[in-house]
């Protein structure tokens, strides 16, 4: 079965995903009877490309890396999505990896809606759609008979949404707490070791882990968007990131991190949500001093962890000891495989 893909967004994650497709091509064909071609790429800075017979992804990556345009068409991202919908491929999948817009989740939400209207499945690592409009987008996907998957939106390639959806039937998620932003966790670990704030942040930017706008990380917005997405999907909360009580970190956090360690504790930026007696969900992103024996206290560097509080199984902990571009790109790949399995 062939999948035609349109990559909407071609930054670090989108480019790593394109290469991961090539690296796993033989495995996809052998294990899942899945072949693919990238028919379209849309970028904000380098133009839009469309090739019905498939784009040379390596050539496109080279041009983007050198700051050159990739444009082979005057089309917009929405026209690329419309073209994909007219493809004769058995699977037509929009891969949305544009930068998070913390104001309203756009244009990612409109890209997702356009994909559904064109009869295309969507896989995305963008937190915006699930954080701002999960319920209506889920309903629109169901109405169109297509998949809406976003495993890469939280904790890179570690299965969180898939875990609950596919392996925890009849379990209610009552709440969660976790460390979900690699950049701030790396910085906090560095601060408690005596390093300065600036170099720790610069290292995350150099590795492509920090958001394009690092204030989204250090001001807590990225964690707030992930918290809203988790609460919406797992707890039907109906939140946006702006409803999440939020605290960030900065150079002034260094003293607090070091002093916490001197007292045998650890300072972490913890995302959490819980359901009130009236059914509403409260969500926060806050700096919390944790006891040394708290599971989250031992989560250092780029590691992430999430503890789900459930009604039937008690607490379930999900840990990712490492994170990076390959992990996020892998989440997109797993979602693509899920789309194939559903056919």
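Any read-out appearing in this document is the output of simple, stated calculations on the displayed coordinates, not a laboratory observation. Keep in mind that this is a model prediction, so the values were computed, not measured. Every residue, glycine among them, receives a Cβ derived from its backbone with ideal geometry; neighbour counts consider all protein chains shown.
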In what sequence, highest mean first, do 20-31, 95-106 appear when ranked by Cβ atoms within 10 angstrom? 95-106, 20-31
re the stretch 180-253: pairs of Cα atoms spaced beyond 19 Å account for a percent value of 37 percent
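Take 16, 291 and order them by how many other Cβ atoms sit within 10 Å, fewest up front. Please list the in-between numbers first.
Numbers: 16 22, 291 10.
Least to most surrounded, the residues fall as 291, 16.
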Any chance you could give the angle, 0 to 90 degrees and rounded to 10, that helix 182-192 forms with the longest Cα principal axis of the chain? 30 degrees
Only Cα pairs under 8 Å and at least 6 apart count here; give the relative contact order of the stretch 166-322 as a rounded whole percent. 32 percent
Equivalent ellipsoid semi-axes for the stretch 43-190, as square roots of 5 times the alpha carbon gyration tensor eigenvalues: give them largest first, rounded to whole Å. 29, 22, 14
Using the Cα gyration tensor of the stretch 201-297, with a ≥ b ≥ c the square roots of its eigenvalues, what is the shape: rounded (a/c below 1.5), prolate (a/b larger than b/c) or oblate (neither)? oblate
Taking the DSSP beta bridges in the chain as the whole, what percent of them are antiparallel, to the nearest 5? 60 percent
For 204, 155, 1, 235, which order do you get if you count the other beta carbons within 10 Å of each Cβ and list the fewest first? 1, 235, 204, 155
Acute angle (nearest 10 degrees) that the helix 253-262 long axis makes with the longest principal axis of the chain, alpha-carbon atoms: 50 degrees
To the nearest 0.05, the calculated FRET efficiency linking residue 258 and residue 168 through their beta-carbon distance, R0 being 41 Å, is 0.55
Sorted by packing (mean other beta-carbon atoms within 10 Å per residue), highest first, where do 265-275, 83-93 land? 265-275, 83-93
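Report the full-extension gain for the segment residue 245 to residue 295: residue separation times 0.36 nm, less the Cα-Cα distance, to one decimal in nm.
15.7 nm
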Rg(Cα) / (2.2 N^0.38 Å) computed for the chain, rounded to two decimals: 0.99
Does anyone have the angle between helix 197-206 and the longest principal axis of the chain? Alpha-carbon axes, 0 to 90°, nearest 10? 20 degrees
For the peptides 186-196, 118-128, 306-316, 2-12, what is the packing order when you average, over each peptide's residues, the other Cβ atoms within 10 Å and list the highest mean first? 118-128, 2-12, 186-196, 306-316
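How would the stretch 46-102 be classified by its alpha-carbon gyration tensor: rounded, prolate or oblate, with rounded meaning a/c under 1.5 and the a/b versus b/c comparison settling the rest? List each step's numbers first, then the result.
Working: a/c = 1.78, a/b = 1.26, b/c = 1.41.
Cα axes put the stretch 46-102 in the oblate bin.
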Under the helix-only model (-39500 (n - 2.57) for each DSSP H run of 4 or more, divided by the residues of the chain), the mean residue ellipticity at 222 nm, to 500 deg cm²/dmol, is -12000 deg cm²/dmol
In whole percents, the bins of 10 Å from zero upward hold the Cα-Cα pairs of the stretch 112-250 as 11, 37, 32, 15, 4, 0
Percentage relative contact order, the chain, counting C-alpha pairs under 8 Å, at least six apart: 19 percent
May I ask you to compute the full-extension gain from residue 33 to residue 274, defined as 0.36 nm times their residue separation minus their alpha-carbon distance, rounded to one decimal in nm? 82.6 nm
Find the relative contact order for the stretch 278-337 and round it to a whole percent, using C-alpha pairs within less than 8 Å whose residues are 6+ positions apart. 21 percent
